[in-house]
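Asker: First the structure, which I've put down as structure tokens, then a few questions once you've had a look.
The values are calculated or read from the model by the stated rules, or taken from the named source; none is laboratory data. Every value quoted in this text rests on a predicted model; they were computed, and no experiment measured them. FYI the Cβ positions are ideal-geometry reconstructions off the backbone, even for glycines, and counts take in every protein chain you see. When the accessible area is computed, the model is the full protein with side chains, heavy atoms only, and any ligands, DNA or RNA have been set aside. Shrake-Rupley method; radii C 1.70, N 1.55, O 1.52, S 1.80 Å.
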Amino acid sequence: MLVDYAEILSRLEQALARHFAASPSILNVPGVSAALKLDPFYYLALRPAFGELLGKWAGVTPSRAEEALSRTGNLVLGPGHVRYPQPLAVYEEGTRQVLKLAADFVPAEWIDRAVAMYGGQSGPLPVAGLRLVSGQKAALDAFFAGKTPLAGLAFGDPAGT
């Protein structure tokens, strides 16, 4: 049986937007949200929470939700078509507390379009106050090889806050 990834993606978009409209804190609130906008191009999506919530809300298994995102280009995969393999060091602006999080990268265009089309958002969400520790930039640049790289504003130094 062929899987209709476009239909699943549509369900994921609508479910995400419906839940965003009911509870906007599911996006862009450090320490609370399942996905946070790092720069104009990408969201950091917590793993496994983001896939589990999307799947639950859309009525598909989390693995099917993640498969639909990756097969449609809405889950960034690096060389070898793999997810970023190690926890990411992140911090919230204005703090020095660094956390290590398992996470994926989702194109901002997909989330922003979903919440604008189905969630009543008037335009793209702003960049959240979460930053990647700059020491990871070289590894992340290699992961994003051949794709739009993360913008410089996605990185920072918690000691410099």
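Asker: Just give me the residues in the range 59-85 being part of a loop (DSSP other than H, G, I, E, B), out of contact with any Asp or Glu (no Cβ under 8 Å at 6 or more places or on another chain) and either of a type in the set (Val, Ile, Thr) or without any contact (Cβ under 8 Å) to a residue 40 or more places away in the chain (or both), in sequence order.
Answerer: First pass over the range 59-85, keeping only residues part of a loop (DSSP other than H, G, I, E, B): 59-61, 72-77, 79-81, 83-85.
Among the residues that remain, those that are also out of contact with any Asp or Glu (no Cβ under 8 Å at 6 or more places or on another chain) are: 59-61, 72-74, 77, 79-81, 85.
Within the range 59-85, VAL60, THR61, THR72, GLY73, LEU77, GLY80, HIS81, PRO85 qualify.
Asker: How many residues are touching a Pro at 6+ places or on another chain (Cβ under 9 Å) and open to solvent by 70 Å² or more (accessible area, probe 1.4 Å) when one looks only at the range 75-97?
Answerer: Total meeting the criteria: 4.
Asker: Among the residues of the range 1-28, which ones are of a type in the set (Val, Ile, Thr) and modelled with pLDDT of 95 or more? Give the derivation first.
Answerer: Looking only at the range 1-28, we keep the residues that are of a type in the set (Val, Ile, Thr), and these are 3, 8, 26.
Of everything in the range 1-28, those that are of a type in the set (Val, Ile, Thr) and modelled with pLDDT of 95 or more turn out to be ILE8, ILE26.
Asker: Could you look through the range 16-53, keep only residues that are touching an Asp or Glu at 6+ places or on another chain (Cβ under 6 Å) and more than 16 Å from ALA154 (Cβ to Cβ), and pick out the one that is least open to solvent (accessible area, probe 1.4 Å)?
Answerer: Taking the range 16-53 as the starting set, the residues that turn out to be touching an Asp or Glu at 6+ places or on another chain (Cβ under 6 Å) are 30, 45, 47, 51.
With more than 16 Å from ALA154 (Cβ to Cβ) added as a condition, the list becomes 47, 51.
Working: ARG47: 69, GLY51: 5 Å².
Top of the filtered list is GLY51.
Asker: Please work out which residue is surrounded by the fewest Cβ atoms within 10 Å (Cβ to Cβ), limiting yourself to the range 110-161 and to residues that are polar (S, T, N, Q) and either in contact with a Gly (Cβ under 8 Å, 6 or more places away or on another chain) or at pLDDT below 95 (or both).
Answerer: Quick first cut of the range 110-161, residues polar (S, T, N, Q) only: 121-122, 134, 136, 148, 161.
Within this subset, residues satisfying the condition of being either in contact with a Gly (Cβ under 8 Å, 6 or more places away or on another chain) or at pLDDT below 95 (or both) are 121-122, 134, 161.
On the way: GLN121: 19, SER122: 6, SER134: 16, THR161: 12.
Once the filter is applied, the top-ranked residue is SER122.
Asker: I would also like to ask the following. Can you tell which of THR72, THR61 is surrounded by fewer than 19 Cβ atoms within 10 Å (Cβ to Cβ), of a type in the set (Val, Ile, Thr), more than 13 Å from PHE105 (Cα to Cα) and in contact with a Phe, Trp or Tyr (Cβ under 7 Å, 6 or more places away or on another chain)?
Answerer: The conditions single out THR72.
Asker: If you don't mind, another one. Could you say which residue among LYS56, LYS100 is assigned to a helix (DSSP H, G or I), surrounded by fewer than 18 Cβ atoms within 10 Å (Cβ to Cβ) and free of Cβ contacts under 8 Å to residues at least 24 places away in the same chain? So that I can check it myself, show each step before the final result.
Answerer: Numbers: LYS100 fails: assigned to a helix (DSSP H, G or I).
Going through LYS56, LYS100 in turn, just one is assigned to a helix (DSSP H, G or I), surrounded by fewer than 18 Cβ atoms within 10 Å (Cβ to Cβ) and free of Cβ contacts under 8 Å to residues at least 24 places away in the same chain: LYS56.
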